[in-house]
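Enquirer: Would you mind keeping the following structure in view while I ask a few things?
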């Protein structure tokens with residue numbers, strides 16, 4: 001899928017550097033070293049990783065802002081940008097579904113999720129007639145899945161009311 | 001000895017064979033559903049075997065194990081969601097092939113490779129188990145540390161595309177792997193007083209989230225013009241014989257790797273599939289094809305993963321040491337029958353062991369038919385438009401995540417994995433190194449520290465022990481080769497032709 | 001005399017509240033359990049705990065009237081599962097299958113999300129002593145020799161340990177203290193790798209429960225040094241007790257069932273009665289024998305005593 005490579009690289013570099021810094025801070029704040037048998041402290045490895053992350057992020061940042069950048073720029077401006085707005089909606093839908101399972105029960109939450117996600121996805125295919133299928137699937141599928149997991153894994157899906 | 005074998009086989013009876021077959025079918029169903037894994041299924045079925053005769057009960061569990069490890073490749077190929085962590089490497093090329101309309105070839109290749117790997121490893125199990133185990137038992141922390149390091153480095157190179165981002169991905173994964181209770185010093189790392197995090201981040205919901213949920217988000221956000229071009233609706237032609245034969249060298253190599261890794265206590269299919277894949281990519285004549293629909297890639301991943309199934313039985317039967325969660329449960333099954341795996345097993349319970357070996361070979365053959373049947377049963381999935389398929393996948397994924405421990409925690413991890421996976425994919429950061437690092441980095445760290453603990457802080461332990469020294473030498477050689485190859489190809493590109 | 005109206009009201013209200021409050025409890029006691037009871041197993045499947053747990057769960061249904069379901073919550077060396085039960089609803093439907101490491105030692109020595117007081121013991125099912133073993137090529141063949149060797153070579157004996165504050169770890173700490181010797185342990189994060197390493201000659205010694213080590217002793221792959229109990233172990237009659245070898249170690253591992261501390265007393269009693277009956281059940285006894293678990297049932301009062309004695313010992 002097309003993406004603006006230079007901008008992407010910049011985001012990744014930034015994220016890496018920030019994460020590395022956060023990790024270092026957290027490590028120094030929270031990991032208290034108790035003296036046991038091994039010479040390498042529990043804080044050593046995460047710190048090492050954080051430093052590596054920082055270094056790689058820096059390297060990536062330098063690479064993005066160097067002469068290569070100009071070449072990358074040309075290819076990607078024509079590619080259509082991904083529709084992030086819908087992505088946020090999609091992510092929200094997923095999160096709500098995940099938590100909804102525990103508050104309103106698996107069956108109801110799944111029904112709503114199928115409808116919601118279906119609507120978000122169907123727009124692509126531009127065929128509204130599938131919504132009917134979605135409705136049916138939203139009712140039938142949770143039952144089938146719940147039954148399958150009950151039989152094969154002995155696990156019952158949550159009924160809701162904040163239990164779990 | 002031969003009469004014991006014949007006697008054991010004749011003693012098996014219908015029930016054992018039937019239950020092994022039934023286990024195989026059940027295992028395929030379990031493996032094909034993302035979120036259900038062999039470990040979960042076997043752990044739940046364990047108590048059922050207590051009251052069955054040993055060959056029936058354990059044969060059943062073995063069938064489930066085999067079926068699940070194979071069948072994880074089916075959803076990996078069809079919907080880019082590994083059914084079990086061992087199939088994650090298969091998803092790379094398998095799904096790409098599905099998108100190109102060649103799903104059937106991919107499925108057939110996966111089945112063929114699984115059978116090949118399984119059979120090869122079973123032969124090894126039956127013939128050289130004892131000497132192999134005697135070597136395996138000498139492996140201690142230093143040897144594992146070198147192996148893990150080599151695997152990590154190898155994996156960072158596996159990702160198609162930008163290696164720098166691959167390294168970043170691996171480091172991030174390693175950091176996630178550090179979350180939890182540090183086993184060697186009981187210090188809590190990155191736990192933030194959330195009790196569930198004490199056990200670390202569970203791999204299965206993370207994988208399901210990063211593969212399946214991220215795919216959903218990607219499809220939601222992909223620009224309209226790309227929409228219908230995305231997924232092809234046909235399964236395509238079946239695998240041709242010469243296509244399969246071309247992959248034979250890869251199959252042999254990957255199977256050996258898988259058998260070796262499986263025979264080492266503590267290592268299982270999830271690691272073997274990536275190591276086999278990575279090495280196959282290095283040795284392939286078409287490395288750029290990997291990740292874009294290479295049959296070789298599928299062959300390597302699946303044969304490597306399935307070879308571990310009989311191989312993990314080696315340390316289990318000879319020494320009573322589990323290779324992974326499933327073998328640990330199998331040991332439990334043995335114990336519940338009053339049989340302790342270990343040095344006295346062959347002396348005291350030879351007929352049981354040989355009976356089980358016979359069942360292993362039987363399930364291998366049966367898998368041909370069960371596999372073909374399951375491919376036929378699942379192929380129609382490809383014809384479903386993804387807008388209908390995706391919500392169904394999400395529902396199954398959520399149910400699967402929940403079923404692991406009936407804990408909302410796993411569902412949360414899956415959701416986070418989904419968002420993270422999406423963020424990574426749109427920025428071109430590859431996911432496989434992340435996942436492998438989550439699995440391997442903490443192990444590497446543990447082995448490193450245990451090594452130093454063994455040697456009392458002395459770093460020379462890695463070279464003073466013969467096995468680890470040779471492994472280390474091999475690793476250094478490998479790195480030199482890698483660097484050399486990269487430098488040489490850069491040179492060639494620069495030269496005017 | 002006129003009793004003040006307020007006092008009368010108060011007394012009547014109090015009486016009503018008490019009667020009403022008592023009703024659910026009595027009703028519940030008769031109905032409990034009316035849904036499946038969950039037994040949380042805090043270690044990954046396949047270990048001694050999960051097999052014993054599976055046997056208990058299967059056999060308990062007849063005595064509880066409801067099925068018993070094993071729930072595996074592994075992680076943090078048992079901490080995740082224990083915390084889960086400690087914080088769960090104290091209604092008697094969620095129990096923990098615990099051991100000394102989780103319920104006695106670690107809460108005292110470590111900063112965990114739960115404390116030992118958050119549990120009330122129901123019953124102890126098994127008790128096994130530890131058998132100290134050595135690799136067959138080790139320079140000592142008995143506990144006496146081990147102690148002598150360690151005294152001559154301080155810091156040179158390397159033994160396999162499982163987790164910090166785990167079963168094997170504690171056994172060796174006691175040994176080192178009693179015999180006043182200096183040895184180095186390597187924590188291998190679990191019994192499995194620990195045994196593997198002593199088998200492979202990477203470490204010299206280990207301490208495990210008989211069901212794990214007896215086959216190795218019988219086949220000669222490991223040498224038994226001593227048994228940490230008051231008398232010799234039935235299946236290993238040739239192995240002397242540690243006391244006989246001059247080191248006073250009497251400590252073992254056990255597996256027991258716990259409920260969250262706030263569980264109503266009558267429910268706890270109901271569970272105890274059920275498990276008391278279970279321990280007498282022949283079928284159960286046979287199953288336990290099959291899995292080589294040393295059934296050594298200790299019901300509630302004795303169990304509590306043992307727990308508090310142990311925890312005092314650890315604090316020292």
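Each reported figure results from applying straightforward, stated rules to the coordinates on display, with no laboratory input. As the structure is a computational prediction, the values presented were derived from the model and not from experiment. FYI the Cβ positions are ideal-geometry reconstructions off the backbone, even for glycines, and counts take in every protein chain you see.
Enquirer: Along each of its three principal axes, how wide is the spread of alpha-carbon positions in region C:85-136, in whole angstrom units, largest first?
Expert: Rounded to whole Å, the extents work out to 50, 27, 14 Å.
Enquirer: Also, quick follow-up: Over all residues in B:45-52, what is the mean tally of Cβ atoms on other chains that come within 10 Å of each residue's Cβ?
Expert: Whole-number average of other-chain Cβ neighbours for B:45-52 is 4.
Enquirer: When Rg is the radius of gyration of the Cα atoms in region C:163-272 and Rh is its Kirkwood radius, what does Rg/Rh come to?
Expert: 1.07
Enquirer: Still on this structure, I have one more. Taking a ≥ b ≥ c as the square roots of the Cα gyration tensor eigenvalues, with a/c under 1.5 meaning rounded and otherwise prolate when a/b beats b/c, else oblate, which class fits region B:395-497? Present the calculation step by step, with values, prior to reporting the outcome.
Expert: Working: a/c = 3.86, a/b = 1.27, b/c = 3.03.
Oblate.
Enquirer: Based on the alpha carbon coordinates of the protein assembly as shown, what radius of gyration and maximum Cα-Cα distance (Dmax) apply, in Å?
Expert: 28.9, 122
Enquirer: Now a separate question. At a Förster distance of 56 Å, what's the computed FRET efficiency of residue C:148 paired with residue B:234, Cβ-Cβ distance as r, to 0.05?
Expert: Efficiency for this residue pair is about 0.15.
Enquirer: Using 0.36 nm times the number of residues separating residue B:377 and residue B:10, minus their current alpha carbon distance, what extension gain do you get?
Expert: Details: separation 367, 0.36 × 367 = 132.12 nm, distance 3.38 nm.
Separation in residues times 0.36 nm, less the Cα-Cα distance, equals 128.7 nm.
Enquirer: Something else: For C:167, A:143, what ranking results if the residue with the fewest other Cβ atoms within 10 Å of its Cβ goes first?
Expert: Lowest count first: A:143, C:167.
Enquirer: In nm, to one decimal, how far is the residue A:47 label point from the residue B:459 one, both placed 7 Å along Cα→Cβ?
Expert: Spacing of the two 7 Å Cα→Cβ label points: 1.6 nm.
Enquirer: How far is the Cα center of region B:28-94 from the Cα center of region B:420-497, in Å?
Expert: One Cα centre to the other: 30 Å.
Enquirer: Let me ask you something else. Please say if chain B is rounded, prolate or oblate, where rounded means a/c under 1.5 for a ≥ b ≥ c the square roots of the C-alpha gyration tensor eigenvalues, and otherwise the choice is prolate for a/b larger than b/c and oblate otherwise?
Expert: Judged from the Cα gyration tensor, chain B comes out rounded (a/c under 1.5).
Enquirer: Report, to one decimal in Å, the Kirkwood hydrodynamic radius for region B:88-154 based on all distinct Cα pairs.
Expert: Here the Kirkwood hydrodynamic radius works out to 15.0 Å.
Enquirer: Under a plain spin-label model, where a point goes 7 Å from the Cα along Cα-to-Cβ, how far apart in nm are residue B:48 and residue B:346?
Expert: Computed distance between label sites residue B:48 and residue B:346 equals 3.2 nm.
Enquirer: Can I ask one more? Round to the nearest 0.05 the FRET efficiency obtained for residue B:489 and residue B:368 when R0 = 45 Å and r is the Cβ-Cβ distance. All intermediate terms of the calculation are to be shown ahead of the outcome.
Expert: Values: r = 41 Å, r/R0 = 0.91.
Plugging the Cβ-Cβ distance into 1/(1 + (r/R0)^6) gives 0.65.
Enquirer: Which FRET efficiency, nearest 0.05, do residue B:286 and residue B:126 yield, Cβ-Cβ r, R0 30 Å? Could you put the intermediate results ahead of the total?
Expert: Details: r = 35 Å, r/R0 = 1.16.
Approximately 0.30, to the nearest 0.05.
Enquirer: Give the distance, in whole Å, between the Cα centre of region B:253-285 and the Cα centre of region B:314-381.
Expert: Centre-to-centre (Cα) distance: 20 Å.
Enquirer: Share of Cα-Cα pairs in region B:262-331 beyond 17 Å, in percent? Intermediate results must be reported in sequence, preceding the final value.
Expert: Values: 1074 of 2415 pairs.
In whole percent, the share of Cα-Cα pairs in region B:262-331 beyond 17 Å is 44.
Enquirer: Now, a different point. Roughly what % of Cα-Cα distances in region B:1-60 sit above 15 Å, to the whole percent?
Expert: The proportion of pairs with Cα distances above 15 Å equals 56 percent.
Enquirer: With N set to the residue count of region B:63-202, report its C-alpha Rg divided by 2.2 N^0.38 Å to two decimal places. Mind dumping the intermediate values first?
Expert: Details: Rg = 19.0 Å, N = 140, 2.2 N^0.38 = 14.4 Å.
Compactness ratio reported: 1.32.
Enquirer: When the expected Rg is taken as 2.2 N^0.38 Å, what fraction or multiple of it is the alpha-carbon Rg of region C:207-256?
Expert: Against the compact-globule rule of thumb, the ratio is 1.11.
Enquirer: Follow-up. Which translational diffusion coefficient, to the nearest whole µm²/s, is obtained for region C:131-227 from the Stokes-Einstein equation, given a Kirkwood hydrodynamic radius over C-alpha pairs, 25 °C and 0.890 mPa s?
Expert: Rounded to a whole number, D works out at 191 µm²/s.
Enquirer: Additional query: Got a sec? How would C:223, B:250 order by Cβ neighbour count within 10 Å, fewest to most?
Expert: C:223, B:250
Enquirer: Continuing with this model, one more query. Given 0.36 nm per residue, what is the gain on full extension from residue C:108 to residue C:269 after removing their alpha carbon distance, in nm? Display every interim value, and only then the final one.
Expert: Working: separation 161, 0.36 × 161 = 57.96 nm, distance 2.70 nm.
Extending this stretch completely gives an extra 55.3 nm.
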